[in-house]
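The values are calculated or read from the model by the stated rules, or taken from the named source; none is laboratory data. Treat the numbers as computed from the prediction; the structure is a model and nothing was measured. Cβ: placed from backbone, ideal geometry, glycine included. Neighbour counts: every protein chain shown.
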Amino acid sequence: MSSSAVEPSLLPPADEAMVRSHGDELRALAARYGISELRFASPGRLVGHVADDRDALDTAAFEIAARALLGAEIGLYSDRVLDKPHVSPDLITAQPV
């Protein structure tokens, strides 16, 4: 029997009201993982600046901690993707948390 390497989340995506109501906590949490300039893009999606000395493991650790805090699905996109072709418009127009 095979299974997917990535299990779909059973949590609902974090909406804007939820993210904003935990804004101080999320910014503090992000700072622990070298993430700054946190912005809300759309339900379940944040954009942030990941420090040059941090990597994907820091991003993943932040996502896990943020999910635990919110009780909702949340993903972080590095602001480095904003210059890529065909980037999702919600990432470009993300608003500060």
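A few notes on this one:
- In the range 20-56, of all residues being under 23 Å from residue 88 (Cα atoms), assigned to a helix (DSSP H, G or I) and without any contact (Cβ under 8 Å) to a residue 60 or more places away in the chain, the one that is farthest from the chain's Cα centre (by Cα) corresponds to 56.
- Residue match in the range 83-95 (condition: in a strand (DSSP E or B), surrounded by 13 or more Cβ atoms within 10 Å (Cβ to Cβ) and either touching an Asp or Glu at 6+ places or on another chain (Cβ under 6 Å) or acidic (Asp, Glu) (or both)): no
- Residue list for the range 1-19, restricted to those being more than 10 Å from residue 74 (Cβ to Cβ), among the small types (Gly, Ala, Ser) and at pLDDT 95 or above: 17
- Check on residue 32, modelled with pLDDT of 95 or more and out of contact with any strand residue (DSSP E or B) (no Cβ under 8 Å at 6 or more places or on another chain): yes
- Flag if residue 23 is modelled with pLDDT of 95 or more and on the phi > 0 side of the Ramachandran plot: no
- Scanning the range 74-93 for residues that are touching a helix residue (DSSP H, G or I) at 6+ places or on another chain (Cβ under 9 Å) and either under 23 Å from residue 29 (Cα atoms) or among the acidic types (Asp, Glu) (or both) returns 74, 75, 76, 77, 78, 79, 81, 82, 91, 92.
- Search result, residues across the range 41-97 that are in contact with a strand residue (DSSP E or B) (Cβ under 7 Å, 6 or more places away or on another chain) and of a type in the set (Gly, Ala, Ser): 41, 44, 48, 72, 75, 78, 94
- Qualifying residue in the range 63-79 (condition: assigned to a helix (DSSP H, G or I), out of contact with any His (no Cβ under 8 Å at 6 or more places or on another chain), of a type in the set (A, V, I, L, M, F, W, C) and surrounded by 13 or more Cβ atoms within 10 Å (Cβ to Cβ)): yes
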